[in-house]
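One structure is given below, encoded as structure tokens.
Taken together, the values in this text are just the output of simple stated rules run on the coordinates, not laboratory data. These numbers were taken from a predicted model, which means no experiment stands behind them. Positions of Cβ are generated from backbone atoms using ideal geometry, with glycine treated the same way; all protein chains shown enter the neighbour counts.
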Amino acid sequence: MQFTIQATDPQSKARAGLITTDHGLIETPIFMPVGTAGTVKAVHQRELVADVKAEIILGNTYHLYLRPGLETLEKAGGLHRFNGWERPILTDSGGYQVYSLSNTRKIKEEGVTFKSHIDGSKHIFTPEGVMDIQRTIGADIIMAFDECTPYPCEYGYARTSMEMTHRWLSRCIERFDNTENKYGYQQTLFPIVQGSTYRDLRQQSAEFVARQGRDGNAIGGLAVGEPAEEMYEMIELVNAILPSDKPRYLMGVGTPENILEAIALGIDMFDCVMPTRNARHGVLYTTQGIIMIKNEKWKNDFSPIDEELGGYVGLCYSKAYLRHLIKSEEILGAQIASLQNLTFYLWLVKQARQQINTGNFFQWKTYMTKKLMQRL
Ligand SMILES: Cc1ccc(CCc2c3nc[nH]c3cc3c(=O)[nH]c(N)nc23)cc1
């Protein structure tokens, strides 16, 4: 995996870059739609490419391991072949998903034991085990096995948790560097910085991660309920330590405003469940601002959802019709709203990239944030 920086913003840490993988190119800054059971909820591959213009999607190790399972994925020739997505894929290591989905997990030095949220069967994720699982899934970029430190937490817990994540990272690197890819495509491992919101721990973790010299680096332990200002402070501190010539992936962030702020702080890659989760609840992101589509005011508004966005659903469906579908809890409503929000997120990072290339990202960010976050 290669990363080339094509332009940097003179008034911030923002940069426009290009990531090259065996499954194609990724222009950064980039937003990565979250696939869960191998698909993005309620959206087809064709739409992801043609409408959303997604360049890379996220696969979910926890879900895929439980269902369809490793045997099926291996027989299919990996996730790319299984779900027909021929572009880059990134998979998370599963630790976070166990933490957020299975309330029966236990953390030990060896790894994390949990019961499947599907059938209650017992499992253990270890650093070595999730490296093998992600080798079998076959994603181009795989994440180290970490503990996403809960927020808020005591300093002592944050330090112990970070130190275990560092020991797990060493075990991940040992396993990954001594196993081969299974399907003939190169894979790369990103380590994850932890340390909660404690400046000295974040500094230690960023230094430990930077020392591993991997192709890219991730910032974890954020977007877990901390105030945005604390998140920005941690990003700024960590990005000053992570190498500037490698992609930086901020996990789980965020609102359009968070994303533009983080781009200005030097982040290149994003993922977030917000676009699809909010869509299912009728919260639409549009180039004109936020629309709460269930609101009475859209009942007889037959204008297109978002003419400026240039996406299919924004042009071809009216606000009134989408309101009707969402109120009726029709699947089509979730599909249209998900497509609108995902298309918007990809549009936003593409606009940011263009502004970085033309050198006025910083002014544009202020104007765009004010415009996008207004309620219509
Ligand atoms: C499919 C998929 C879903 C979700 C994710 C990111 C999930 C995610 C976080 N989401 C919000 N905050 C987060 C923090 C962490 C973290 O510290 N470590 C890991 N491994 N994942 C995180 C990646 C892939």
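Some points to look at:
- For segment 294-335 versus segment 178-232, the gap between their alpha-carbon centres in whole angstrom: 38 Å
- Rounded tilt (10° steps) of 127-137 against the dominant C-alpha axis of the chain: 50 degrees
- Sorted by Cβ neighbour density within 10 Å, fewest at the top, the residues 91, 286: 286, 91
- Proximal charge balance of residue 250 [Cβ under 9 Å; K/R count +1, D/E count -1]: -1
- Relative contact order computed over segment 218-333 (Cα-Cα under 8 Å; 6+ residues apart), in percent: 17 percent
- Working from Cα pairs under 8 Å separated by at least six residues, relative contact order for segment 2-271 is 18 percent.
- Proximal charge balance of residue 340 [Cβ under 10 Å; K/R count +1, D/E count -1]: -2
- Looking at segment 1-91, the GluC sites (Glu not before Pro) that sit in a DSSP loop and have at most 15 other Cβ atoms within 10 Å of their own Cβ are 86.
- Based on C-alpha pairs under 8 angstrom that are at least 6 apart in sequence, segment 122-202 has a relative contact order of 42 percent.
- Per-residue Cβ neighbour counts within 10 Å put 244, 12 in the sequence 244, 12, beginning with the fewest.
- Tilt relative to the chain, helix 228-239 - C-alpha long axis, 0 to 90 degrees, to 10: 50 degrees
- Charge-dipole axis of the chain as Lys and Arg at +1 and Asp and Glu at -1 on Cβ define it, positive-most pick from 237, 204, 259: 259
- Charge dipole (debye, nearest 20) of the chain; +1 at Cβ of Lys and Arg, -1 at Cβ of Asp and Glu: 740 debye
- Summed residue charge, Cβ within 10 Å of residue 30's Cβ, Lys/Arg positive, Asp/Glu negative: -2
- GNM on the chain, alpha-carbon springs under 10 angstrom: the most fluctuating residue among 272, 316, 172 is 316.
- Using alpha-carbon coordinates, inclination of helix 155-177 to the longest axis of the chain, degrees: 80 degrees
- Adding -39500 (n - 2.57) for every DSSP H run of four residues or longer, then dividing by how many residues the chain holds, sets the calculated 222 nm ellipticity at -13000 deg cm²/dmol.
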